[in-house]
Amino acid sequence: MKNKVIIIPCSGVGKAYGEIGRQATYEAIDSRPESASTVCLARLMIDDAETKAALKGNSIITVDGCAKDCAKKNVESAGMQPDCSLRVIETFKGHRDLKPTGILELGDAGFTLVHILAERIQAEADRLLEKEAQQC
């Protein structure tokens, strides 16, 4: 049985959607620390053995800020497949009225997007954990 869901957001530093993805990941993990965690994408990119070991045997959700899918591609480069891949832009497309104010200050609209995406991540994590429980 898989122990946790590992949620890996893109780095996207300096990009509003990357910040939204990271904040949503932290919110999702904070709501269920016993069943969800994250790893540093940069450590995965440099083929860090400890980071790769943390992924093995767990479900993986990637959260990418743009269509470059850096988080997803780096998980695949490490020889694994994400169980779920999300893009922040897809959340924004469903809520075009919510435009982040900026990068360092997302504003109320940006944080509303964070909460919406965090709920989606939580739902996917729950789905993966339930699926795993049914296989046992």
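Quick notes on this structure:
- Residues considered: Ile46, Ile121, Ile60. Of these, the only one that is touching a Pro at 6+ places or on another chain (Cβ under 8 Å), over 14 Å from Gly18 (Cα atoms) and hydrophobic (A, V, I, L, M, F, W, C) is Ile60.
- Single match in Asp83, Asp64, Asp30 (criterion: open to solvent by less than 20 Å² (accessible area, probe 1.4 Å) and within 14 Å of the chain's Cα centre (by Cα)): Asp64
- Residue under evaluation Gln122, criteria (1) modelled with pLDDT under 95; (2) part of a helix (DSSP H, G or I); (3) under 20 Å from Ala36 (Cβ atoms), criterion not met: (1)
The values are calculated or read from the model by the stated rules, or taken from the named source; none is laboratory data. As the structure is a computational prediction, the values presented were derived from the model and not from experiment. Counting neighbours? That spans all protein chains shown, and the Cβs are built from the backbone with ideal geometry, glycine included. What goes into the accessible areas is simple: the full protein's heavy atoms, side chains included, and nothing from ligands, DNA or RNA. Shrake-Rupley method; radii C 1.70, N 1.55, O 1.52, S 1.80 Å.
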